[in-house]
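The values are calculated or read from the model by the stated rules, or taken from the named source; none is laboratory data. Predicted, not measured: the structure shown is a model, and the values here were computed from it. Positions of Cβ are generated from backbone atoms using ideal geometry, with glycine treated the same way; all protein chains shown enter the neighbour counts.
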C-alpha cells in the first residue's frame, strides 16, 4: 500500500511550518491504523508512506479507515494505491514489481480515494461491507500488461436521527410537518441541484471540447524552492528536459527555452503569457531538492481563462528523477489529447543515461554552457562546462548527449580569437565528439545537431552530410526551435534561402523571444532581396539582445550593408571583445575609413575580399574574380560566394557586364540549382 498527501509540495513551498505539522498529523493517523490491521510500516517517502500487509482484507480495511479518518480531519486529503504481488524484503526495505505497481496506482488515484488493482479486487469482491466500482484499464509505466483499476467506496458519516420513521406515531403532527417540510426542501434541493448538475455537465462538455483544441503549450521555468541559488542548474535542467520531451510530440507546438525563460522572475499573468506566446495552455511548477529527495509540483493552466485545470505532485528519490520527468510529460500529453502512441511514448521516455550522477553533471555542463558561457563568454564558464561534460562522460562512457554537449561547447568556443591557440585541433575534436555521440545513439536529436554543425564548417563535399544530420534532427523533434534553427541556418549557408525561409519563420514562431532567430530570418530575407522585411527582423533581433549577447554577427553585417551605421556603432560600443574587431573593420571599410582597419583583421581573407570590393567599386578586379571562383569551387559557406548575393549585391555593380563575372555567376547558379534539385522537395520523415 502506498499513500501520498495531495498538494503537499505546493504547501511546502508556501508554508513549511504548516507542511511539517501536516506531515506529523499524517503519521499520527496512519501508523496506529496500519498496526491495528497487522500491517508493517516500511518507510516514508517524503510525504508518502509505504506499508505491507499479510492479507488483502487487512490492507483494504486499513486504507478505508485511514481515508475516513482523513475525511473527518478535513484539513488534508490522501491518495492511496494497493496492489497484491510478490515482493522481496531486504534490510527493512521492500522491492519488486508489486511495489512499482502499487506506487503507480497511487499516483493516478483521485484525492480522497483508494485505488486497487485487479488482483486486490479479486480477493475482496465478495467481502461484506466493502463496495467497489471499476474505474479504467491503465497502461502503467514499466508494467508490461495493462492493469484494471477499481476504486473502493469510502462510506460517509450520516446522521440518521433526523430521518422520519415510515409510520408516524399518534400525536406526532409536529414531526409530520417537519418531515413534510424536509421532503419538500429535499425536492427543491434536488430540482435546483439538477439544474446545476445539468449546467455543470454543459460546462464540463464545453471544457472537454476546448481541451481537444489544445495544440500548443509552453513549459515555464520551474521555480527553485530550495533557497539555494547553486541549484538553479537543476531547475533549468528539469524545465528544459520536460520541454524537449513534449517537443517530440507530433502536432504539438512547444515554444523554446529562451521564450519560456523570458518570463522567469516576472510577475506576468498566465493569460498574458499565453497571448504573447500564442499558446493554448501553460505548464508551471516548482521543485525542491533536499539531499536525495526531489519534490516536484506541476500545474496545467488554461491560457484563455488562467484557471488551473490540473495539478500533480511527485516526490522521488534523486535516483528516480527520470520517472518524475516521464510522469509529468506523459500527464501533459494526455491532458492535451496528443498522439500518445507507443512510438510517441517511447520518444517521450527516451533518456540518454540511467546514471543519475552522469545526468546531474550533464545538467551542470549545459547550465554553464547555455546559461552562463553563451552569454558571458568568460573562459572560466567554458572551463566549468567542459569539466562537467567530461565528468558525465567518465561516469557513463555511453552517454551520447554528453559527447554532443561537449562538441557543441567546442563549437561555441571555436569563434574566439584564441580558440586554435588553446585547442589547436578544436575543429577535429568537435567532429570526433559528434561522431562518438552518433555512434552511441543515432536517434539523439542533440547528437545529430552537433554533427550537422561540425560538418557545416568543413570544406567542399560535406554539404550533403551537414544537411542530412540537420534534417534528421528536425525530423526527430520538429517542434524544437533549436532543430528548426539548425536546419534553416544550414540550408541558408548552402545558398538555399528559398527553402530556409519557411523553416526560419517556424523557428521564430517556436521561440519568439530568441534574438538569433530574427537575425537568421533577416539574413534570409536580405539574401532573397526582401529588404524591408529583412530590416524589420534585424532590428527586432537587436531589440531582444542584451549587452552580453554574442550571436549578432548576421545583423551587424546586414545593417552595415544597408548603411545603418549609427545602429551598428551603438551596438559595437557594447562589444569590447577582440573578436568584434572584424565587424569594426567591416564598418570602417563600409564608411571608407580604410586606415582604421586593424592588423589582425587584415589576416581574414574573406573580410579583405569585402574590403577590396569596397575600396574601389568602379572597376573590376581580377584578384577578386579569382577569389570568388576559388570560394565557389571549395563550397565556402560565406554569403559572398552564393548566387543570391552575387546576383543582387550592389558591391558587384561594376561587374555586371563582365564576361568573367558572368561565368562565375553561372557557376554559382549551377551549384544552387543542383542543391535545389536535391533538396527542394525533400521529405524530412524519409
Discussion item. Given the condition surrounded by fewer than 20 Cβ atoms within 10 Å (Cβ to Cβ) and in contact with a strand residue (DSSP E or B) (Cβ under 6 Å, 6 or more places away or on another chain), answer yes or no: does some residue in segment 294-301 qualify?
Written reply: yes
Fill in: Condition met for residue 319 (under 30 Å from residue 45 (Cα atoms), without any contact (Cβ under 8 Å) to a residue 60 or more places away in the chain and either part of a helix (DSSP H, G or I) or over 18 Å from the mean Cα position of the chain (by Cα) (or both))
yes
Worksheet item: residue 345 versus (1) at pLDDT below 90; (2) assigned by TED's automatic domain parsing to the domain that holds residue 450: which is the lone unmet condition?
Response: (2)
Discussion item. Any residue that is in contact (Cβ under 8 Å) with a residue 24 or more places away in the chain and over 37 Å from the mean Cα position of the chain (by Cα) - is there at least one of those in segment 10-17?
Written reply: no
Worksheet item: Which of the residues spanning segment 619-646 are loosely packed, with under 15 Cβ neighbours inside 10 Å and within 18 Å of residue 673 (Cβ to Cβ)?
Response: 633
Worksheet item: Looking at segment 412-434, is at least one residue more than 30 Å from residue 577 (Cβ to Cβ) and outside any helix (DSSP H, G or I)?
Response: no
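Here's the yes/no breakdown for (1) modelled with pLDDT of 75 or more; (2) surrounded by fewer than 20 Cβ atoms within 10 Å (Cβ to Cβ); (3) not assigned by TED's automatic domain parsing to the domain that holds residue 109:
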site: 324; (1), (2), (3): yes, no, yes
site: 332; (1), (2), (3): yes, no, yes
site: 341; (1), (2), (3): no, yes, yes
site: 372; (1), (2), (3): yes, yes, yes
site: 380; (1), (2), (3): yes, yes, yes
site: 384; (1), (2), (3): yes, yes, yes
site: 387; (1), (2), (3): yes, yes, yes
Worksheet, complete the sentence: When every residue in segment 392-424 that is in contact with a helix residue (DSSP H, G or I) (Cβ under 7 Å, 6 or more places away or on another chain) and either surrounded by fewer than 18 Cβ atoms within 10 Å (Cβ to Cβ) or not assigned by TED's automatic domain parsing to the domain that holds residue 363 (or both) is compared, the one farthest from residue 435 (Cα to Cα) is 417
Worksheet entry | Complete set of residues in segment 265-290 that are in contact (Cβ under 8 Å) with a residue 60 or more places away in the chain and either part of a strand (DSSP E or B) or over 20 Å from residue 481 (Cα atoms) (or both) | 281, 282, 283, 284, 285, 286, 287, 288, 289, 290
Item to complete: Determine, yes or no, whether residue 25 is surrounded by fewer than 20 Cβ atoms within 10 Å (Cβ to Cβ) and in a helix (DSSP H, G or I).
Response: yes
Item to complete: Could you tell me which numbered condition residue 234 fails, if it satisfies all but one of (1) surrounded by fewer than 21 Cβ atoms within 10 Å (Cβ to Cβ); (2) at pLDDT 80 or above?
Response: (1)
Worksheet item: So residue 486 clears everything in (1) buried (at least 24 other Cβ atoms within 10 Å of the Cβ); (2) touching a strand residue (DSSP E or B) at 6+ places or on another chain (Cβ under 9 Å) except one condition, right? Which one?
Response: (2)
